[in-house]
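Just below is one structure, and these are the notes that go with it.
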Amino acid sequence: MKNIAILGSSGSIGRSTLDIVRAHPDKFRVIGLAVQKNVKLLEEQIEEFRPEIVAVHDVQAAKALKQKIGRGKVKVLSGVEGTTEVATHAKVDMVVAAIVGAAGMLPTLRAIQSRKKIALANKETLVMAGEIMMAEAEKNKVKLLPVDSEHSAIFQSLEGNKKAHHIKKLILTASGGPFREKTMKELGKVTLKEALHHPNWDMGPKITIDSSTLMNKGLEVIEARWLFDVPPEQIEVVVHPQSIIHSMVEFIDTSVIAQIGVPDMRVPISYALHYPHRLKNDFPSLDFFEKSTWTFHKPDIERFPCLRLAFEALKTGGTMTAALNSANEVAVQAFLDGRIRYLQIPRIIEEVLGRHVPRHGCGIDEILKVDEETRRKTEEII
């Protein structure tokens, strides 16, 4: 029996994780849950899974939940401090870090420092503070198990082949999102409804927009650099619209090992939860005859400059990747709120990065300060 805490239990990764817990009650027990503000769903999850502790980031929403469910049923906390307490609870063996954005960074860091196993779905944690996170993981002998389908694919492909000098390159696949065939003129007319419709994956709004701009793939490139200790020049992105090959590794002898399967996030989640063993699941199997054509394309960084910006930020290093993440979060939210147009997302991010003076060798407090400064600058530009 593995005791788990899920940070971001109301999101797509959190809900999928609970699907696996529901299917394997003899293997997993939910100790803690944390959400941003979806108290209604959290209340349902409390009723079903009976956690000992929960946290709601929004203070007022946490108060409302506490009043509604009464005392004694479950401990209800709020804010980053509450989420951190869930992540570091003494009974927790593994933390599923699935909070979207920078908000998940500090609780994940504290979980690592508390020597919890980490099933990592929050890529922003490594984008903003990859060097710090990996150093803390090594110091505390904590394994970061990737949940993103692409990083899980690379992780699985490297099993038994982990010698760094044997790796020629990591190949991250990208669906290309819903707009991969649109012209610049057509992209200029993209609506929010169109941007929120992903052809292959069911994800939250922020990640869906990131996928459409290819920023999601850029963030994954940065995450891969830290997870697998591979320099940027050994990471490649290939557009694979069918999303069947989830990612690949090419070795120095030119052999390529890939992990393939239907696009279902429960597969990499179950692998991370039960590693090094595999869970017997009843998910749909890949039908090779139905999905008989697989295609591959080079990403177009002229139409989708966010991928270029991510590579450039990674090569610059220091706090440039933190600034990239913060600017993107603010710009995407502005698009979701109807304040800017679709093509303004990368333009705003590029302007922010052009003004940012990167700092190197920073601690977590300095990175949080950069995050705050960058958000303010991005809002000013918007």
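The values are calculated or read from the model by the stated rules, or taken from the named source; none is laboratory data. It should be emphasised that the depicted structure is a prediction, and the values quoted were computed from it without experimental measurement. All Cβ positions, even for glycine, are placed from backbone atoms using ideal geometry, and neighbour counts span all protein chains on display. We work out accessible area using only protein heavy atoms, side chains counted, and drop any ligands, DNA or RNA first. Shrake-Rupley method; radii C 1.70, N 1.55, O 1.52, S 1.80 Å.
See the values below:
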| quantity | calculated |
| --- | --- |
| Long-range neighbours under 8 Å by Cβ, at least six apart or interchain, first residue touching a residue at least 40 places away in the same chain (Cβ under 8 Å) within the stretch 364-379, second of a type in the set (Ser, Thr, Tyr) | Glu366/Thr319; Ile367/Thr319; Val370/Thr319; Val370/Ser326; Asp371/Ser326; Thr374/Ser326; Arg375/Ser326; Thr378/Ser326 |
| Count - residues of the stretch 170-200 that are closer than 27 Å to Leu273 by Cα and either at pLDDT 90 or above or in contact with a strand residue (DSSP E or B) (Cβ under 8 Å, 6 or more places away or on another chain) (or both) | 6 |
| Where Lys162 falls short, out of the listed (1) part of a loop (DSSP other than H, G, I, E, B); (2) open to solvent by less than 20 Å² (accessible area, probe 1.4 Å) | (2) |
| Conditions (1) in a helix (DSSP H, G or I); (2) open to solvent by 40 Å² or more (accessible area, probe 1.4 Å); (3) touching a Phe, Trp or Tyr at 6+ places or on another chain (Cβ under 8 Å); number of the one not met by Lys185 | (3) |
| Subset of the stretch 1-22 [over 16 Å from the mean Cα position of the chain (by Cα) and modelled with pLDDT under 95] | Met1 |
| Scope the stretch 260-269; condition open to solvent by less than 30 Å² (accessible area, probe 1.4 Å) and over 16 Å from the mean Cα position of the chain (by Cα); matching residues | Gly261 |
| Index of the failed condition, Leu196 passing every other in (1) touching a helix residue (DSSP H, G or I) at 6+ places or on another chain (Cβ under 8 Å); (2) over 30 Å from Ala137 (Cα atoms); (3) touching a residue at least 40 places away in the same chain (Cβ under 8 Å); (4) open to solvent by 40 Å² or more (accessible area, probe 1.4 Å) | (3) |
| Unmet requirement for His277, which otherwise passes all of (1) exposed (fewer than 13 other Cβ atoms within 10 Å of the Cβ); (2) closer than 28 Å to Gly176 by Cβ; (3) under 24 Å from the mean Cα position of the chain (by Cα) | (2) |
| Flag if Pro241 is within 24 Å of Gly14 (Cα to Cα) and not aromatic (Phe, Trp, Tyr) | no |
| Helices (runs of 4 or more DSSP H) lying entirely in the stretch 299-382 (those with 2 or more residues that are open to solvent by 20 Å² or more (accessible area, probe 1.4 Å), modelled with pLDDT of 95 or more and out of contact with any helix residue (DSSP H, G or I) (no Cβ under 7 Å at 6 or more places or on another chain)) | 305-316, 344-355, 364-381 |
| Conditions (1) touching a Pro at 6+ places or on another chain (Cβ under 8 Å); (2) among the charged types (D, E, K, R); (3) open to solvent by 60 Å² or more (accessible area, probe 1.4 Å): number failed by Asp287 | (1) |
| Complete set of residues in the stretch 13-60 that are part of a strand (DSSP E or B) and within 15 Å of Val92 (Cβ to Cβ) | Phe28, Arg29, Val30, Ile31, Gly32, Leu33, Ala34, Ile53, Val54, Ala55 |
| Members of the stretch 1-51 that are open to solvent by less than 30 Å² (accessible area, probe 1.4 Å), among the aliphatic types (A, V, I, L, M), in contact (Cβ under 8 Å) with a residue 60 or more places away in the chain and under 23 Å from Leu279 (Cα atoms) | Ile4, Ala5, Ile6, Leu7, Ile13, Ile20, Ile31 |
| Residues that are touching a Leu at 6+ places or on another chain (Cβ under 8 Å), buried (at least 23 other Cβ atoms within 10 Å of the Cβ) and within 16 Å of Glu366 (Cα to Cα), drawn from the stretch 125-159 | Thr125, Leu126, Val127, Ala129, Met133 |
| Subset of the stretch 58-76 [surrounded by 20 or more Cβ atoms within 10 Å (Cβ to Cβ) and under 26 Å from the mean Cα position of the chain (by Cα)] | Ala62, Val76 |
| Residue in the stretch 340-352 that is among the polar types (S, T, N, Q) and under 29 Å from Leu109 (Cβ atoms) present | no |
| Any strands (runs of 3 or more DSSP E) falling wholly within the stretch 206-294 and containing at least 3 residues that are more than 30 Å from Leu192 (Cβ to Cβ) and modelled with pLDDT of 95 or more | 245-251, 256-260 |
| Candidate set from the stretch 79-123 (those that are in a strand (DSSP E or B) and farther than 15 Å from Ser10 by Cβ); member that is most open to solvent (accessible area, probe 1.4 Å) | Lys117 |
| Boolean, Lys168 is in contact with a Ser or Thr (Cβ under 8 Å, 6 or more places away or on another chain), open to solvent by 40 Å² or more (accessible area, probe 1.4 Å) and among the charged types (D, E, K, R) | yes |
